[in-house]
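Novice: A single structure is presented below for examination.
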């Protein structure tokens with residue numbers, strides 16, 4: 001008997017594999033998860049075409065950074081067949097000044113189509129934390 005695979009489970013596994021490879025960082029391995037027209041949009045609307053570009057950006061912001069997953073959820077868009085995957089948790093790592101962090105919230109939204117990532121939108125607290133460290137925050141964190 002041939003069992004059908006669950007597209008939601010497959011999409012969640014693809015996202016977590018991509019994130020784990022991105023954290024190594026292994027941009028080449030992570031790129032295997034992507035469609036040719038992949039777009040990655042960071043907080044503030046910064047557009048990247050792949051994990052090598054986002055890793056280069058992160059290297060300017062952090063000495064090192066990783067993600068601690070809290071949950072990964074998926075929903076099927078019945079009209080398009082796309083699977084929308086949401087991964088949320090905390091960034092942890094070290095700023096360039098040597099200060100560690102571990103409770104920097106993040107939320108990533110992925111669109112999976114035909115077994116590949118076509119788009120990722122990334123949100124996190126990093127900009128607000130950096131504004132606060134610089135004394136430019138409008139309110140206490």
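Just so it is clear, none of the values below were taken in a lab; they were calculated from the coordinates. Computed from a prediction, not measured in an experiment: that's the story for all the values here. Backbone-built Cβ (ideal geometry, glycine too); neighbour counts: all protein chains shown.
Novice: How far is it, in nm, from the label point at residue 5 to the one at residue 75 when both lie 7 Å from their Cα along the line to the Cβ?
Specialist: 2.4
Novice: Based on alpha-carbon centroids, what's the gap between region 127-141 and region 39-56 in Å, whole number please?
Specialist: What the calculation gives is 23 Å, centre to centre.
Novice: Let me ask you something else. Please identify, among 85, 15, 118, the residue showing maximal mean-square fluctuation in a Gaussian network model of the chain using a 10 angstrom Cα cutoff.
Specialist: Ranking 85, 15, 118 by mean-square fluctuation puts 118 first.
Novice: Return the FRET efficiency for the residue pair residue 35, residue 99: r is the Cβ-Cβ distance, R0 is 25 Å, and the value is rounded to the nearest 0.05.
Specialist: Taking R0 as 25 Å, the efficiency between residue 35 and residue 99 is 0.10.
Novice: While we're here: Per q in 0.09, 0.16 1/Å, what log10 I(q)/I(0) does a Debye calculation on the alpha-carbon atoms of the chain return?
Specialist: Each listed q corresponds, in turn, to -0.30, -0.85.
Novice: Ok, one more. Would you calculate, for the chain, the mean residue ellipticity at 222 nm contributed by helices, counting each DSSP H stretch of 4 or more residues as -39,500 (n - 2.57) and dividing by all residues, to the nearest 500?
Specialist: Value at 222 nm, helices only: -8500 deg cm²/dmol.
Novice: Need the C-alpha centroid separation for region 2-38 versus region 74-102, integer Å.
Specialist: 13
Novice: A further question on this structure: With angles folded into 0 to 90 degrees, how steeply does helix 51-61 sit against the dominant principal axis of the chain? Use alpha carbons for both and round to 10.
Specialist: That helix lies at roughly 20 degrees to the long axis.
Novice: 7 Å from Cα along Cα→Cβ at both residue 17 and residue 138: what's the point-to-point distance in nm?
Specialist: 4.2
Novice: Output the 0 to 90 degree angle, nearest 10, between the alpha-carbon long axis of helix 7-23 and the longest principal axis computed from the alpha carbons of the chain.
Specialist: Orientation of helix 7-23: about 40 degrees from the principal axis.
Novice: If each residue of separation counts as 0.36 nm, what is the full-extension length gain between residue 66 and residue 127 once their alpha-carbon separation is subtracted?
Specialist: Gain on stretching residue 66 to residue 127: 20.3 nm.
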